[in-house]
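Notes follow the structure.
The values are calculated or read from the model by the stated rules, or taken from the named source; none is laboratory data. On a predicted model such as this, the values are computed, not experimentally measured, just so you know. Every residue, glycine as well, gets a Cβ built from its backbone with ideal geometry; the counts of neighbours run over all protein chains shown. Surface accessibility is based on the protein's heavy atoms, side chains included, excluding ligands, DNA and RNA. Shrake-Rupley method; radii C 1.70, N 1.55, O 1.52, S 1.80 Å.
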Amino acid sequence: NLNFKLTENQISIIREINNDLKSDYKMFRLLQGDVGSGKTIISFIAASNVIKSNCQVVLMAPTEILAKQHYLLAKNIFKSENIKIEFLSGKIKSREKKIIETKLTKGRIDFLIGTHALFQKNIIFNKLGLVIIDEQHKFGVRQRIELSDKGGKNCDILLMSATPIPRTLILSIYGDMDVSKLIEKPKN
């Protein structure tokens, strides 16, 4: 459902991520690229591959506006697929939140997109396979850990950032993390 062609750089990074997802090791990858370089599309393609493997995906963004943008884009891109997508934030009414929690626990949600509300204790996944965190530097280490722990030891993690982070800083803050850089801009 994409109305544009992926760049060679995007295709190459999707291959890297797919190799990580297929491996026996937990993916811990940072996807760096300027605003508009295509990080979100790459994360959605990774999400669709994980969902097709019968696992759930969660995407957390730091603001409700950004999370809602991701949600609306996902609904549009996956409109012809049988992917069940929901949105969760602190502003969701408690009745609606309970419905989402029940559907999530029973595996009736494939892709949950939202804000800080996602790492709360009562958000329990049936089979979480991939955690995507946008603008990851705006979340604390503990918050990222709490969300990824919901998927267990083998849950893959994809962090996205438009902020360039030097490799030495990545190693000292995060440890052994793979880095993919989007350097080729999409046309137009």
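Quick look at the numbers
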| read-out | value |
| --- | --- |
| Some residue of region 107-124 being farther than 22 Å from residue 159 by Cα, of a type outside the set (Lys, Arg), open to solvent by 60 Å² or more (accessible area, probe 1.4 Å) and not in a helix (DSSP H, G or I) | yes |
| Qualifying residue in region 66-82 (condition: in a helix (DSSP H, G or I) and among the small types (Gly, Ala, Ser)) | yes |
| Count - residues of region 1-33 that are out of contact with any strand residue (DSSP E or B) (no Cβ under 9 Å at 6 or more places or on another chain), outside any loop (DSSP other than H, G, I, E, B) and at pLDDT below 90 | 0 |
| Single residue of region 147-188 satisfying the filter (among the charged types (D, E, K, R), at pLDDT 60 or above and closer than 20 Å to residue 12 by Cα) that is nearest to the chain's Cα centre (by Cα) | 156 |
| Hits in region 83-106 (condition: part of a helix (DSSP H, G or I) and within 20 Å of residue 157 (Cβ to Cβ)) | 104 |
| Residue list for region 46-63, restricted to those being in contact (Cβ under 8 Å) with a residue 40 or more places away in the chain and either surrounded by fewer than 17 Cβ atoms within 10 Å (Cβ to Cβ) or outside any helix (DSSP H, G or I) (or both) | 53, 54, 55, 56, 57, 58, 59, 60, 61, 62, 63 |
| Residue count for region 25-70, restricted to those that are within 12 Å of the chain's Cα centre (by Cα) and basic (Lys, Arg) | 2 |
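Let's see how each residue does on (1) at pLDDT below 95; (2) among the hydrophobic types (A, V, I, L, M, F, W, C):
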position	(1), (2)
108	no, no
113	no, yes
119	yes, yes
145	yes, yes
